[in-house]
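Report on the structure given below.
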Amino acid sequence: MFRNYLLVAFRNLFRNRISSLVNIIGLAIGMAAFVLIIQYVRFELSYDNFHEKQDVIYRVQQDRFNQGEITTRWAAGCSAVGQALYENFDEVENFTRFQKMDGVMTRGEKKFREEEIYLADTSFFDIFSFKILEGDGYNSLENPLTMMLSESTARKYFGDEDPVGKSMQFNGGLELEVTGVFEDAPRNSHLKPDILASWETLVRFNGPEVNTAWQWDAYFNYIQLRPVTDYKAFEAKLPPFVEEQTGESLARFGDGMEFHLQPLRSIHLHSDFMFEAEPGGNARSVYALIVVAVFLVVIAWVNFINMSGARSLERAREVGMRKVTGAFRSQLIIQFLFESVLINLMAIVVAVVLVALFHPSFNLLTGEQLDYSLGSNAGFWAIVLLMFIVGAFLSGIYPALFLSSFKPTTVFQGVSELKVGGLGMRRILVIFQFATSLLLIAGTLAVYMQISFMQNSDLGVDIKNVLVLEGPSVNDSTYSETFSAFKKELLRNPDIEKVSASIAVPGRQPKWNAGGIRRLSDGEDKSNQYRILGFDYDFVDFYGLEVIEGRNFSRDYGQNSSTVLFNEAAIQLMGFEDNTSAMNVPIFFWGDTFNIVGVLKNYHQEGMHKAFEPLIFRFFEDANGFYSLKLNPRKTSEAIAFSEDQWQRFFPLNPFEYFFLEDYYNEQYKNEVQFEKVFGVFAFLAILIACLGLFGLSSYTTLQRTREIGLRKVLGSSSGNAVLLLLRYFTIQVLIAVPIGLGLGYYVMHNWLQNFSYRVAIGWWFFLLPLIMVILITLITVSSQVIKTANVNPADSLRHE
């Protein structure tokens with residue numbers, strides 16, 4: 001019996017080569033794309049799953065309020081909260097905290113700027129499951145001026161030499177002893193420390209108050225709850241506890257503070273707060289890709305079902321004859337399911353080959369080195385096997401039930417397709433394909449338009465042709481004179497037009513966040529929080545910022561260090577009626593008094609995701625955070641080489657590191673750009689698969705209507721009318737799909753755009769362009785078959801069976 005099933009299946013495959021090839025190619029592309037996307041999704045969803053205590057670890061996320069309005073949402077909060085919760089609540093089994101910083105580490109001639117330095121307490125390795133290779137978590141971080149290195153960091157500075165017991169310098173002065181080595185953090189970890197210095201080092205320099213301070217922010221706190229604890233119920237206990245601990249102090253300044261518990265596994269995809277340990281992923285993008293992956297493989301299965309349904313008339317006689325000769329319906333169902341299994345099996349083999357060929361390109365597209373190794377990746381094969389089983393059944397069961405239901409007594413009188421709500425099942429499935437294509441095209445178009453809008457909008461700040469040097473961390477008392485000489489040497493080069501020093505540059509939120517700022521005439525309860533950015537005389541002119549009231553910092557005026565500039569958002573937050581009324585008003589800033597001497601027009605310090613933040617600008621003539629250089633775009637490489645030579649001359653103890661500001665600024669859109677590329681590629685593949693099915697279906701549809709066209713032409717109809725008749729069949733289905741696909745697309749993309757403070761408006765292009773594209777795709781796909789049939793001699797058409 002099996003041999004007969006196999007023979008009949010292969011006979012039908014070879015008899016209908018075109019439809020079989022269309023089915024196999026379409027299924028293979030859909031399956032390959034599904035596997036690629038799902039492996040990426042699995043990786044994104046796997047973040048922090050290697051920690052043994054992952055289910056009971058929570059990050060304490062902090063919100064700060066002023067005058068009842070939320071002003072700052074921190075991933076890293078005050079230093080006291082973790083310890084306070086541990087000491088006062090039985091639900092908290094353990095806690096750890098750390099502060100993240102950067103600086104230059106030096107050993108001999110080797111010097112590197114390290115961005116991932118954590119000052120962590122002794123319970124860090126009790127909470128997190130980072131593997132220790134040398135030393136132990138508690139003793140290695142127990143004493144001041146000690147640190148542990150990641151495996152790759154130890155190799156970078158020490159090669160094959162054992163680093164334990166040896167010392168390194170931090171920022172040219174502080175000597176830190178290496179007391180252990182830990183394994184590099186996995187790629188799917190939201191924490192990736194390269195150096196773990198002891199918390200006691202921080203205590204030595206900041207004092208023991210760092211353990212109990214409720215007003216010192218930028219400290220990460222993680223707690224381990226007991227397994228039976230409902231974290232939401234525990235979170236509800238925090239507001240009265242915070243009020244008890246620091247409510248009086250907060251009320252004095254009109255401040256507020258709230259804490260929320262973030263499950264460890266949710267941080268990567270569901271967190272975008274100030275001071276994140278690293279940029280996170282985007283849950284909406286991941287879920288959108290899951291939908292696209294499902295659409296891809298479903299469209300391929302729909303093709304198979306449609307093609308099988310379209311061939312029903314051809315196979316009706318076969319079914320009738322087999323039933324007359326004694327075949328049972330169950331045997332026919334098995335036969336048709338067997339054919340589905342065979343086609344899906346061939347498709348899955350081709351899909352595996354496609355994955356092997358194209359996964360390097362997909363990794364490049366996503367920016368992740370995902371594992372598609374065929375021999376050892378159990379997850380890969382599990383996805384493939386599941387897809388094969390589900391696909392073979394779903395794509396085969398409808399044709400099997402439909403074809404096996406034909407009755408021998410009526411089979412030679414013609415067979416109609418299954419009706420659902422007055423529409424043929426085949427038409428419903430074609431409408432689904434068109435609606436999906438419209439949805440994907442409209443979605444891709446909306447994402448592209450939003451990203452183009454963000455990248456091409458006027459930022460209010462000039463970031464073109466700007467090279468930014470990371471400022472020197474290793475300095476001494478002569479820094480001011482050294483920087484002045486360095487700047488003069490740079491400006492001697494005609495390829496370097498301007499130079500400015502600042503503590504931050506456009507493209508990121510300034511790290512300096514200051515509260516308690518108010519007008520000198522106001523009470524403490526009128527205080528508020530602002531972002532602070534310090535720069536020299538040249539910064540405003542360098543970046544093309546517009547002074548709309550008052551003046552810039554200037555050498556023509558004395559006392560620049562006791563003056564500040566505000567942006568428009570800061571003026572509004574402080575409650576001034578207009579910019580003019582703010583001029584020369586004294587403000588209280590951490591015990592000092594400053595006068596407002598100018599107002600800068602709002603500009604996008606950060607990307608278009610966020611609204612304008614209230615910024616206060618301080619004067620620092622010799623800031624050492626960043627040096628901005630405006631370059632001649634035709635002599636960029638020469639200017640960089642010259643800058644490096646001067647850097648080695650003036651700052652030899654610091655590594656020369658730089659970036660182009662335009663690239664740095666656009667990194668904020670990395671997730672969106674990456675999503676656009678991935679979404680666009682797979683939307684194209686989905687449309688391609690739909691086109692393959694449409695091509696095969698149009699072949700059978702025109703074939704079935706050959707005699708009708710011949711009769712029409714005999715009665716006087718032209719070939720053009722025959723073409724229009726056949727095209728109308730598909731055009732009607734496109735028009736039915738329009739409100740479904742574009743309606744759903746509008747709902748989805750409208751919600752997606754709400755993530756951006758500044759966004760493109762959905763206009764006529766969203767509805768008209770996808771419709772035009774789908775109609776053109778339909779015409780191009782089916783026209784060759786339609787025209788060919790319409791031009792057949794009527795005498796030949798009438799002889800067609």
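What the table shows:
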| quantity | calculated |
| --- | --- |
| Only listed residue being modelled with pLDDT under 70, surrounded by fewer than 16 Cβ atoms within 10 Å (Cβ to Cβ), of a type outside the set (Gly, Ala, Ser) and farther than 23 Å from LEU439 by Cβ, chosen from VAL723, VAL786, VAL792, VAL714 | VAL714 |
| Per-region count, the range 238-273, residues of a type outside the set (Asp, Glu), in a strand (DSSP E or B) and over 15 Å from ILE223 (Cβ atoms) | 2 |
| Residues being touching a residue at least 60 places away in the same chain (Cβ under 8 Å) and either in a loop (DSSP other than H, G, I, E, B) or among the aliphatic types (A, V, I, L, M) (or both) - total across the range 573-600 | 4 |
| Number of the condition not met by TYR138 [criteria: (1) surrounded by 15 or more Cβ atoms within 10 Å (Cβ to Cβ); (2) among the hydroxyl-bearing types (Ser, Thr, Tyr); (3) modelled with pLDDT under 95] | (1) |
| Subset tally (residues that are open to solvent by 10 Å² or more (accessible area, probe 1.4 Å) and not in a loop (DSSP other than H, G, I, E, B)) for the range 613-642 | 13 |
| Yes/no for VAL294 being of a type in the set (Val, Ile, Thr), more than 30 Å from SER167 (Cα to Cα), open to solvent by 20 Å² or more (accessible area, probe 1.4 Å) and assigned to a helix (DSSP H, G or I) | yes |
| The range 666-677 residues that are under 22 Å from VAL466 (Cα atoms) and of a type in the set (Phe, Trp, Tyr), paired with ones that are at pLDDT 85 or above and open to solvent by 50 Å² or more (accessible area, probe 1.4 Å) (beta carbon under 6 Å, 6 or more apart) | none |
| Selected residue (only one of LYS677, LYS610, LYS670 is open to solvent by 30 Å² or more (accessible area, probe 1.4 Å), assigned to a loop (DSSP other than H, G, I, E, B) and out of contact with any strand residue (DSSP E or B) (no Cβ under 9 Å at 6 or more places or on another chain)) | LYS610 |
| Selected residue [within 35 Å of the chain's Cα centre (by Cα) and open to solvent by less than 10 Å² (accessible area, probe 1.4 Å)] from LEU459, LEU490, LEU467 | LEU467 |
| Failed item, numbered, when TYR603 is tested on (1) part of a loop (DSSP other than H, G, I, E, B); (2) at pLDDT 95 or above; (3) open to solvent by 30 Å² or more (accessible area, probe 1.4 Å) | (3) |
| Selected residue [surrounded by fewer than 18 Cβ atoms within 10 Å (Cβ to Cβ), farther than 18 Å from ARG204 by Cβ, acidic (Asp, Glu) and free of Cβ contacts under 8 Å to residues at least 24 places away in the same chain] from ASP160, ASP126 | ASP160 |
| Flag if GLY165 is exposed (fewer than 14 other Cβ atoms within 10 Å of the Cβ) and within 15 Å of ARG107 (Cβ to Cβ) | yes |
| Residue match in the range 502-518 (condition: open to solvent by less than 20 Å² (accessible area, probe 1.4 Å), in contact with a Leu (Cβ under 6 Å, 6 or more places away or on another chain), at pLDDT 95 or above and assigned to a strand (DSSP E or B)) | no |
| Residue list for the range 93-105, filter: of a type in the set (A, V, I, L, M), surrounded by fewer than 22 Cβ atoms within 10 Å (Cβ to Cβ) and either farther than 16 Å from TRP216 by Cβ or touching a residue at least 40 places away in the same chain (Cβ under 8 Å) (or both) | VAL104 |
| Sole residue being farther than 30 Å from ASN751 by Cα, of a type in the set (Asp, Glu) and at pLDDT 85 or above, chosen from GLU235, GLU243, GLU278, GLU258 | GLU243 |
| Residues within the range 38-97 that are at pLDDT below 95, assigned to a strand (DSSP E or B) and of a type in the set (Ser, Thr, Tyr), tallied | 2 |
| Any hit, the range 70-79, residues being free of Cβ contacts under 8 Å to residues at least 40 places away in the same chain, open to solvent by 40 Å² or more (accessible area, probe 1.4 Å) and at negative phi | yes |
| Given (1) under 35 Å from the mean Cα position of the chain (by Cα); (2) surrounded by 15 or more Cβ atoms within 10 Å (Cβ to Cβ), number of the condition PHE253 does not satisfy | (1) |
| Residue check, VAL35 open to solvent by less than 10 Å² (accessible area, probe 1.4 Å) and either over 30 Å from GLY516 (Cβ atoms) or in a helix (DSSP H, G or I) (or both) | yes |
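Matching residues to (1) under 23 Å from ARG64 (Cβ atoms); (2) surrounded by 15 or more Cβ atoms within 10 Å (Cβ to Cβ):
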| residue | (1), (2) |
| --- | --- |
| ASP525 | yes, no |
| GLU546 | no, no |
| ARG551 | no, yes |
| GLN559 | no, no |
| VAL564 | yes, yes |
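The values are calculated or read from the model by the stated rules, or taken from the named source; none is laboratory data. Small disclaimer: the values here were computed from a predicted structure and weren't measured. Glycine gets a Cβ as well: all are built from the backbone with ideal geometry, and neighbour counts include every protein chain shown. Surface accessibility is based on the protein's heavy atoms, side chains included, excluding ligands, DNA and RNA. Shrake-Rupley method; radii C 1.70, N 1.55, O 1.52, S 1.80 Å.
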